[in-house]
Amino acid sequence: GDMGAHLIDQPYWALDLTYPTTVESASTSWGGPPNDPASYPAAMTTKYVFPARRAVGRMPARPGVTMYWYDGGLMPPRPPFLPDDVTLPRVDGGGVFVGARGILAYEVYGNNPTIYPKELAARAERIPKTVPRIEVSHEENWVKACKGEGTASCPFDYAAPLTEVMLLGIVALRAGQGQKIVYDAETMKVTNNAAVNAYLTREYRAGWSL
């Protein structure tokens, strides 16, 4: 629920993802969840499956997307099209879009996006920029938006679903190693494992309920 905001944000925004239908998580640390609910795992992986979407207005139909999360030093298999002398970022993290004709790799915060193979990168360079760039830090952007001096680059109506998706990976981990949860976004419930729905809310103290 923390670094995912800086690493999952890019595909979530660019591919206009919504909510996954299924989530699976596994931990390599037996000292962390689901065995020790007071701690987080030393390393874990999560698989999110997002559904296909039909055409709406001028937005064309889009196929389903499978997204994988690796942390704690775990790394994905080397993606196709990645040159042998190039390594994926390990220290602060990053991400990779895997396509049929090439890949786009980026560092944490989406920095230094690079397309492979080179001939595909050359074609991408000719595409005009249409998305406004944020020229200040995200902290300053947030403060300016609060003061009415601009628009937040990550407003609540975008950040809340993004965070919900990230945290579903932890809910899936609570379900147990190798277990898949099926998520119904409309009701905000896991439909195949009622026990883990307890992790989707909390009992609020008097005066603090929502």
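The values are calculated or read from the model by the stated rules, or taken from the named source; none is laboratory data. What you see is a predicted model, and the numbers here were worked out from it, not measured in a lab. Note that we place each Cβ from the backbone using ideal geometry, even for glycine, and neighbour counts take in every protein chain shown. Heavy atoms of the whole protein, side chains included, go into the accessibility calculation; ligands, DNA and RNA do not. Shrake-Rupley method; radii C 1.70, N 1.55, O 1.52, S 1.80 Å.
Here the spin labels are modelled as points 7 Å beyond Cα on the Cα-Cβ line, and at ARG62 and GLU186 they lie 2.1 nm apart. A simple spin-label model places the labels of ALA124 and THR151 2.4 nm from each other, with each point 7 Å out along Cα-to-Cβ. Placing a pseudo-label 7 Å from each Cα along the Cα-to-Cβ vector at THR28 and VAL131 gives an inter-label distance of 3.0 nm.
Heavy-atom accessible area, probed at 1.4 angstrom with all protein chains present, ranks ARG58, ARG205, ARG78 as ARG58, ARG205, ARG78, highest first. Taking the 1.4 Å solvent-accessible surface of the chain as the whole, the part contributed by carbon and sulfur is 56%. List the aspartates and glutamates whose Cα sits under 13 Å from the Cα of LYS47, skipping any in the same chain fewer than 8 residues away. Correct list for LYS47: GLU24, ASP71.
Amide H contacts for ALA43 (H built 1.01 Å from N in the peptide plane; partners 5 or more residues away or on another chain; cut-off under 5 Å): THR28, SER29. Solvent-accessible area of PHE81, all protein chains in place: 90 Å² (probe radius 1.4 Å, heavy atoms, ligands and nucleic acids excluded). Entry comment: accessible area of the stretch 52-114 is 71 Å² per residue, from protein heavy atoms only and a probe of 1.4 Å. Rounded if a/c is under 1.5, else prolate if a/b beats b/c, else oblate: with a ≥ b ≥ c from the C-alpha gyration tensor eigenvalues square-rooted, which is the stretch 130-195? Taking the square roots of the gyration eigenvalues as a ≥ b ≥ c, the stretch 130-195 is prolate.
Summary value for the chain: 23 percent relative contact order, contacts being C-alpha pairs under 8 angstrom separated by 6+ residues. Excluding TYR183 itself, what net charge comes from residues whose Cβ is under 11 Å from its Cβ, given Lys and Arg +1 and Asp and Glu -1? That sum, taken over residues with Cβ under 11 Å, equals -1.
Given the choices [x] 51, 35, 29; [y] 65, 40, 30; [z] 55, 46, 36, Cα extents along the principal axes in Å derived from the coordinates of this structure is entry [z].
Taking all protein chains as they are arranged and a probe of 1.4 Å, the heavy atoms of MET188 leave approximately 110 Å² accessible to solvent.
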